[in-house]
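These notes are about the structure you will find just below.
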Amino acid sequence: MISRKKFLKIGVLSGLLPLSKWSGGSSISHPKGRKPVVLSTWNFGKQANKAAWNVLASNGSALDAVEAGARVPEGNPDIRTVGYGGRPDRDGFVTLDACIMDHNDQCGSVAALQHIKHPISVARKVKEESPHVMLVGEGALDFAVSQGFEKENLLTEESRKDWEEWKKDAEYEPEINIENHDTIGMIALDSAGNVSGACTTSGTAWKMHGRVGDSPLIGSGLFVDNEVGAAAATGLGEEIIRVSGSHLVVENMRRGDSPEMACKRAVERIVSKNDSVEGIQVGFIAVNKEGAYGGYSMQEGFSFAVRNSEEDRLIKAQSWNR
Ligand code: SD4
């Protein structure tokens, strides 16, 4: 039997697939842009956007806006996929990944960071107070403490109970699935016309200790190019990394795609590399320099929040597998 992957490849080469399914055709509109604007992934993005909007509306920078926005879910223990209260790895450790990038191509990142509630702010310090782009594990923690961040226990009682429950049947198998996720990726265009972005997560629940996903990787979980715009990703990091997802979205926009089309083509790239998309959820959001924005996901169910002077809403993204 022909595999789905081969079918897709053959279909594209021979023009078998309808354009509307494969490339998006002309069904995707090009929304008019407006600045400032902020976008973030998932339902909790609305709350995060509010904090970012406070910065943007007073002519603050996109960089300050995305840091302020990303800190909201990081500090909320009821959000079990980002920061404090995030679900642990299979050994019970809460390990956090985050990155931030500004309009001058400056970036900072931390991965597998423990005990610090706001990894996005540590990532910003890496950008601004170290000669490096990325710090991981113990080194990232030492750096955070040296910068005045407080060491805390991030494993809440709820997340500990979930972990105990998971251990009963899991036989210590690390899990990769499409349920235990919800990274915040946030991108903004400020009134001066500059773009910046942030991405922060506790990663996939019950992962192997030391596993790092796409979220702290510049180019995968986040990418910003002030000539073009910005993009962020959520979902199964292993798939996003394989295609340098957010960089791909920005490059698609550079070649003329609308933000939504750019995201769609990045999803299609992942589709083309898999025999089956079952169990893979990936979502992208993007904004361009004009303030036009969009998002697209592999599976149904991905929403992103947008806020500008006209709108403050949650948008259900179009998806490839509907
Ligand atoms: C990861 N991309 O660690 C993250 C998880 C995620 O929505 O985004 N979930 O792979």
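Taken together, the values in this text are just the output of simple stated rules run on the coordinates, not laboratory data. Small disclaimer: the values here were computed from a predicted structure and weren't measured. Heads up, the Cβs are rebuilt from the backbone with ideal geometry, glycines too, and the neighbour counts pull from every protein chain shown.
The 3J(HN,Hα) values that the Karplus relation (6.51, -1.76, 1.60; θ = phi - 60°) gives for the stretch 242-249 are, in residue order, 3, 10, 6, x, 5, 4, 4, 4 Hz. Gly and Pro appear as x. When only the Cβ of Lys, Arg, Asp and Glu is charged (+1, +1, -1, -1), the dipole of the stretch 143-225 relative to its Cα centre reaches about 280 debye.
Averaging Cα coordinates gives a centre for the stretch 285-322 and one for the stretch 29-74; these two points are 13 Å apart. Separation of the alpha carbons by more than 20 angstrom is noted, of Lys50/Lys151; Lys35/Lys289; Lys125/Lys289; Lys125/Lys151, for Lys50/Lys151; Lys125/Lys289. Entry note, the chain: the mean residue ellipticity at 222 nm calculated from DSSP H runs of n ≥ 4, each adding -39500 (n - 2.57), is -10000 deg cm²/dmol after division by the residues and rounding to the nearest 500.
Counting Lys and Arg as +1 and Asp and Glu as -1 over every other residue whose Cβ lies under 11 Å from the Cβ of His209, the net charge comes to +1. Counting only DSSP beta bridges with both residues in the stretch 181-233, tell me the antiparallel percent, nearest 5. Counting only bridges with both partners in the stretch 181-233, antiparallel ones make up about 90 percent. Lys and Arg at +1, Asp and Glu at -1: add these up for the other residues within a Cβ distance under 10 Å of Ser244 and post the number. Around Ser244, the charge tally is 0.
Packing here is the average count of other Cβ atoms within 10 Å per residue, and on that basis the peptides 302-308, 245-251, 32-38, highest first, run 245-251, 302-308, 32-38. When DSSP beta bridges are restricted to pairs lying wholly in the stretch 29-321, around 85% turn out antiparallel. Positive-end ranking of Val136, Gly283, Tyr296 along the dipole of the stretch 29-321, with charges on Cβ about the Cα centre, is headed by Tyr296. Relative contact order for the chain: 22 percent, from Cα pairs under 8 Å spaced at least 6 residues apart, divided by residue count. The distance between label points at Met208 and Asp312 comes to 4.5 nm (points 7 Å beyond Cα on the Cα→Cβ vector).
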